[in-house]
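Structure first, then comments.
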Amino acid sequence: MRYRAFGLTGLRVSVLGFGCWPMAGDRYGAIEDDEAVKAIHRALDRGVNCVDTAPAYGGGHSEEVVARALEKTRRDVILVTKCGVKPPPPGQLGPLRDASRANIMREVDLSLKRLRTDWVDVLLVHWPDANTPFEETMRALEEVVASGRARFVGVSNFTGAMIAECLRTRRIDVSQVGYHMFDRRQEQETFPTCLTNGIGVMGYGSLGHGLLTGAFTSATNFGEASRDWRGGGVAFGQPIFRGENFKTNVGVVERLRREVAEPRGVPLSQIALAWVLGNPAISTALVGARTPAEVDANDAGTELDLTPAERAKIEMILVGAAGRVNEFTPLRPAMEPWGAEIPAGGAA
């Protein structure tokens, strides 16, 4: 396992991080908690030292599973959780964004109880909240750090302009954003700001939310979005799983496998991970795994370096991707399209 500086925190983070949304049990299909615990243990055995969760993942269930898995190794792990998203009142649609001081303080204490720990290493605001001034949110995060409940703090799914505004009140230690071959918006949106300010970057969706594993065909059906969010066809503002876009993108993935992965003699997932880690802004690439076998399949990609010829080939193939958008508008719901759709063949 390779390790990188985690921004200016002084921490060294494994380039592969363990993402715990899939083990929530509510949005990536069913999962066995015992298998999830074994998956985390396998990742730690392989050198992963960063585990990322959130209270919004399964209504706190993901945090409870993480607590079980880290019972004996808590001090060896960079534990990341989030705040600023809460369940709606009965009968209302949700979840609701609330990054007010009062809600952050409430959520932190609940998370620490579920995680069975006195502190987290990194606390992130999960989504921007249009109803709370960033100054209030950042002062609340500073209060959490001063109380010893978090060592470092940051934001998730914030635009570059939002990050700049937050920095007027308090330093941002870590930013978490989606980044993979089918979503390159952050290359222009936030990465320059993060590099300039020494902000550690956690990239999520590194395998294109499963698309870049090569496991899907044009006939793949994700079922109801309530059980697997990909069934709605949209991934964080981009309709890359929707209708003809999905069929086109499965073809793009097949070309990547045939023209890049197979000649190299490795699974496509390893190419996808190596591509993400090739960006100098990235500190750690988050990958979800629900079983030890999935952990093993991902691991080797952290040791792979792509050649300039391989990167050029990937760029050429990705021109054919469909459903990608330029606009990064995270104040809109995550599973609705953001901005104007770019047709197949357009640049992302």
Checklist entry - Can you pull out the residues in the range 83-101 that are open to solvent by less than 70 Å² (accessible area, probe 1.4 Å) and not basic (Lys, Arg)? => result Cys83, Gly84, Val85, Pro88, Pro89, Gly94, Leu96, Asp98, Ala99, Ser100
Next on the checklist: Based on this model, can you work out whether Asp109 counts as open to solvent by 60 Å² or more (accessible area, probe 1.4 Å), more than 24 Å from Glu165 (Cβ to Cβ) and part of a loop (DSSP other than H, G, I, E, B)?
Outcome noted: no
Checklist outcome for this item: Scanning the range 1-33 for residues that are at pLDDT below 95, under 13 Å from Ala289 (Cα atoms) and of a type outside the set (A, V, I, L, M, F, W, C) gives Gly19, Pro22, Gly25, Tyr28, Gly29, Glu32, Asp33
Checklist outcome for this item: Those residues of the range 45-103 which are under 20 Å from Met138 (Cβ atoms) and of a type in the set (Lys, Arg) amount to Lys82, Lys86, Arg97, Arg101
Checklist outcome for this item: Among (1) in contact (Cβ under 8 Å) with a residue 40 or more places away in the chain; (2) open to solvent by less than 30 Å² (accessible area, probe 1.4 Å); (3) under 16 Å from the mean Cα position of the chain (by Cα), Gly58 falls short only on (1)
Checklist outcome for this item: Out of (1) part of a helix (DSSP H, G or I); (2) crowded, with 24+ Cβ neighbours inside 10 Å, the one Val80 does not meet is (1)
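Each row is one residue, and each column tells you yes or no for (1) open to solvent by 20 Å² or more (accessible area, probe 1.4 Å); (2) among the β-branched types (Val, Ile, Thr); (3) closer than 23 Å to Phe134 by Cα; (4) modelled with pLDDT under 95.
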residue: Asp183; (1), (2), (3), (4): no, no, no, no
residue: Phe191; (1), (2), (3), (4): no, no, yes, no
residue: Met202; (1), (2), (3), (4): no, no, yes, no
residue: Gly210; (1), (2), (3), (4): no, no, no, yes
residue: Ala215; (1), (2), (3), (4): yes, no, no, yes
Checklist outcome for this item: Scanning the range 112-151 residue by residue, those open to solvent by 10 Å² or more (accessible area, probe 1.4 Å), of a type outside the set (Asp, Glu) and part of a loop (DSSP other than H, G, I, E, B) turn out to be Arg116, Thr117, Trp119, His126, Trp127, Ala130, Asn131, Thr132, Pro133, Ser147, Gly148, Arg149
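Yes/no matrix, rows are residues, columns are (1) crowded, with 16+ Cβ neighbours inside 10 Å; (2) at pLDDT below 90:
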residue	(1), (2)
Asn245	yes, no
Asn249	yes, no
Val253	yes, no
Arg258	no, no
Ala289	yes, yes
Pro292	yes, yes
Checklist entry - Any idea which residue in the range 180-191 is nearest to the chain's Cα centre (by Cα), counting only those that are touching a residue at least 60 places away in the same chain (Cβ under 8 Å) and part of a helix (DSSP H, G or I)? => result Gln186
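The values are calculated or read from the model by the stated rules, or taken from the named source; none is laboratory data. No experiment lies behind these values; they were computed from the predicted model shown. Note that we place each Cβ from the backbone using ideal geometry, even for glycine, and neighbour counts take in every protein chain shown. Note: areas computed on protein heavy atoms with side chains; ligands, DNA, RNA excluded. Shrake-Rupley method; radii C 1.70, N 1.55, O 1.52, S 1.80 Å.
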